[in-house]
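Let me begin by presenting the structure, written as structure tokens, before commenting on it.
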Amino acid sequence: MAKRVADVVVETLQAAGVKRCWGVPGDTLNFVTDAIRRSPIEWVHVRHEEVAGFAAGAEAMLTGDLTACAGSCGFCDEIRSPAQAQRKTAMAAQAALSKRGVAVLILPIDVSKADAPEEPAFAVHVSEPVIRPSDADLDELLTY
């Protein structure tokens, strides 16, 4: 059986480090919540989509981790075909991680339940920069 787009989206989020997803299940999210149910990602049910967004944003800010929120609409980008699912999900995760903020990705139900194309995994890169003194400052310290 072919994977559905919802499965590819959840697998990409999991590979990017998502451990928890806040949201309200139902209608347009049924395929996504089912994919989350079968994954190691923890589903946290809330009563309002706005609460899910605030909770995910707060968790991400406090932990520095990528946290997901599932809602029925948004304002950033939309997956309009199965071929876009993995790339756009990885791009949204990358944007949220690099800007330490929120990225919104809309997944219509007809695309969510569609079969996903076979393709290699799309990696999300989490940078962990090391901040250190400049070489000149280090050389100066060595002279003491």
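Read the figures in this text as sums done on the coordinates, not as results from a lab. Treat the numbers as computed from the prediction; the structure is a model and nothing was measured. Cβ sites come from the backbone with ideal geometry, for glycine too, and all protein chains shown count toward neighbours.
Would you please name the GluC sites (Glu not before Pro) within the stretch 56-144 that are DSSP coil residues with at most 16 other C-beta atoms within 10 Å of their C-beta?
Of the GluC sites (Glu not before Pro), the ones in loops of the stretch 56-144 whose Cβ has at most 16 other Cβ atoms within 10 Å are E118.
Go through the stretch 26-32 residue by residue and turn each phi into a ³J(HN,Hα) via Karplus (6.51, -1.76, 1.60, θ = phi - 60°); whole Hz please, and just put x for glycine and proline.
Listing the rounded values in order: x, 5, 5, 9, 4, 6, 5 Hz.
C76 versus F54, label points 7 Å from Cα toward the beta carbon: distance in nm?
Once both label points are built, they end up 1.9 nm from each other.
Return the distance in nm (one decimal) between the two label points of a simple spin-label model at H125 and Q84, each offset 7 Å from Cα along Cα→Cβ.
2.4
Can you give me the relative contact order of the stretch 29-113 as a percent, contacts being Cα pairs under 8 Å and 6 or more apart?
31
Would you work out the relative contact order for the chain, in percent, from Cα pairs under 8 angstrom that are 6 or more residues apart?
On the way: 224 pairs, mean separation 43.6, N = 144.
It comes to 30 percent, rounded to a whole number.
List the lysines whose Cα sits under 20 Å from the Cα of K3, skipping any in the same chain fewer than 8 residues away.
K88, K113
I need I131, I36 ordered by Cβ neighbour count within 10 Å, fewest first.
Starting with the residue having the fewest Cβ neighbours, the order is I131, I36.
Which length gain, in nm to one decimal place, applies between T63 and A2 when the Cα-Cα distance is subtracted from 0.36 nm times their residue separation? Intermediate results must be reported in sequence, preceding the final value.
Details: separation 61, 0.36 × 61 = 21.96 nm, distance 3.49 nm.
So the chain would gain 18.5 nm between T63 and A2.
From the square roots a ≥ b ≥ c of the eigenvalues of the alpha-carbon gyration tensor of the stretch 1-142, which class results: rounded (a/c under 1.5), prolate (a/b over b/c), or oblate?
Working: a/c = 2.65, a/b = 1.78, b/c = 1.49.
Cα axes put the stretch 1-142 in the prolate bin.
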